[in-house]
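Colleague: Attaching a single structure in structure tokens format; questions to follow.
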Amino acid sequence: MAVSGRFALLVALGVIPVVATGLSSADAAWLALLAWLVLCIGVGLLDLALAASPRRAVLSRSLPGRVRLGETVTAELAVANTGTRVLRAVVRDGWEPSAGVAGPNRTALRVPPGERRRMSLELTPWRRGDRRVEHVTIRSWGPLGLWARQATLSVPGRVRVLPPFHSRAHLPSRLTRLRELDGRTPMLIRGQGTEFDSIREYVRGDDVRSIDWRATARHNDPEVPGGSRLMVRTWRPERDRRIVIVADPSRAAAARIGDEPRLDTAWEASLLLAALASHAGDRVDFLAWDRRLRGRVHGVSGAELLARMVDTMADIDAELIEADWAAVPGQVRRVTSRHALVVLLTAADSPGTARGLLAVLPQLTARHTVIVASAADPALVAASRERGSLDEAYRAAAAGRALLDGERVAGAIRRLGAITVTAPPSELPPALADRYLELKAAGRL
């Protein structure tokens, strides 16, 4: 049961006749006020009795199944009145705060008997994962709006919030470069480690090392008696190669760089690389590993690959535990026994956090081409250049030491045979995609 401000105002109005009549006796004044209060309570009880029962309401939801982080969607709740009285209700939909309800989540509805009304809320989630709602509270008022019945009903719902994939803006330009490498535009590549594509006539600017003399001898030039046309071999990048992306969701991934955690940057880089490699005809597998397998996508391609990846990533948050790098080579072997491009997305900016990674890199580089990609903090570079005051000088010294530590770790990774890709969060996904294209053009996959 709930009491409105109208009822409080009605009770307060009882003071007016007591003061206006000027009752001489205090007892008489109190009796008058008591009588007025009893009258108000009686009216309130009558109003409550005439209110529709909130438990006679039948609720149903209409929710989008999935939404990308930061996008706005509409969540609808239908309220059907199965009772015999008009339902004058205020409905509160109990979404959790991270669902990002825009404005108040209370809606006034008037539902005649046997009819249905809909209420809608705008949701802009600001966290990944399943954003849930369990209960709806209905407060049903009487005709006078003095007293109300209240009930909380169970109406569970869920909206799955996926990674935003902002880095897809870089995909068209990388696909253009991929088509150039793949021979679908006039620019073709030649070199060791690529797959033979076709033979065509030599044109000015072609590398003379690509001339196929046997094919030249078989192609006579009708314009030059006894002459032959120079023919060259064209090549295309290797296809059907294995790409294994291993993302680290351990405590290092919980650190925020700029406006997002390292883990979100890893998701963006993974999605862009997977989309590009899938278009290139390579097979992509994704693993999220710290001390246990947090998520895996295996054996899918095309549009289903990205759909499975974002669905897997949605529920994974960084945990405050150390990553068990010693188990990573075994996880990669479970995925493929062939040579593969193994991409490790982790924090490699300090000797302490990278010690376990450095210990297992020789096992990986002995069998695979390995890229270690990590997000760099641009605030460190800015802090290392500020020396306007004593405090700034100390911060610059600390930032410089951190940058040197990162360079030491990167140097150690390269000495162990791996490739490093380090860039600010917004630049890491395209930088990783560019390095993949370079390796593909060089035939190193």
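Just so you know, all these numbers are worked out from the coordinates, no wet-lab data involved. A quick note: this is a predicted structure, and the numbers were derived from the prediction, not measured. Quick reminder, even Gly has a Cβ in these numbers, built from the backbone with ideal geometry, and neighbours come from all protein chains shown.
Colleague: So if R0 is 22 Å, what FRET efficiency would Met1 and Ser154 give, r being the distance between their Cβ atoms, rounded to the nearest 0.05?
Modeller: Plugging the Cβ-Cβ distance into 1/(1 + (r/R0)^6) gives 0.60.
Colleague: Here is a further query. If the chain between Val208 and Ala35 were fully stretched, how many nm would it gain, using 0.36 nm times the residue separation less the Cα-Cα distance?
Modeller: Stretched out fully, the Val208 to Ala35 stretch lengthens by 51.2 nm.
Colleague: Something else about it: Give me the extension gain from Ala382 to Arg200: residue separation times 0.36 nm, minus the current Cα-Cα distance, reported in nm with one decimal.
Modeller: 60.3 nm
Colleague: Now for a separate question. On the principal axes of its Cα set, how long, how wide and how thick is the chain? Give whole Å, largest value first.
Modeller: Projected onto its principal axes, the Cα set of the chain covers 132, 65, 43 Å.
Colleague: Using alpha carbon centroids, what distance separates region 368-389 and region 49-115, in Å?
Modeller: 49
Colleague: Using 5 Å bins from zero, what percent of all Cα-Cα pairs in region 54-162 falls into each bin?
Modeller: Going out from 0 Å in 5 Å bins, region 54-162 shows 2, 13, 24, 22, 16, 11, 7, 4, 1, 0 percent.
Colleague: A follow-up question, please. Please check which bits of region 134-174 a label hung off Ala108 would reach, taking the label as a point 7 Å along Cα-to-C-beta and the cut-off as backbone N under 13 Å.
Modeller: Those under the cut-off are 141-142, 144-146.
Colleague: For region 336-435, which trypsin sites (Lys or Arg not before Pro) are in a loop by DSSP, counting at most 14 other Cβ atoms within 10 Å?
Modeller: Those satisfying the criteria are Arg338, Arg385, Arg387.
Colleague: I'd like the FRET efficiency for His219 and Arg179, computed as 1/(1 + (r/R0)^6) with the beta carbon distance as r and R0 of 30 Å, rounded to 0.05.
Modeller: The value I calculate is 0.60.
Colleague: Hey, another quick one. Going highest first, how would you order 344-351, 115-122, 75-82, 271-278 by mean Cβ packing within 10 Å?
Modeller: Ranked by mean Cβ neighbours within 10 Å, highest first: 271-278, 344-351, 75-82, 115-122.
Colleague: So how much slack lies between Glu96 and Leu320, counting 0.36 nm per residue of separation and subtracting their Cα-Cα distance, in nm?
Modeller: 78.3 nm
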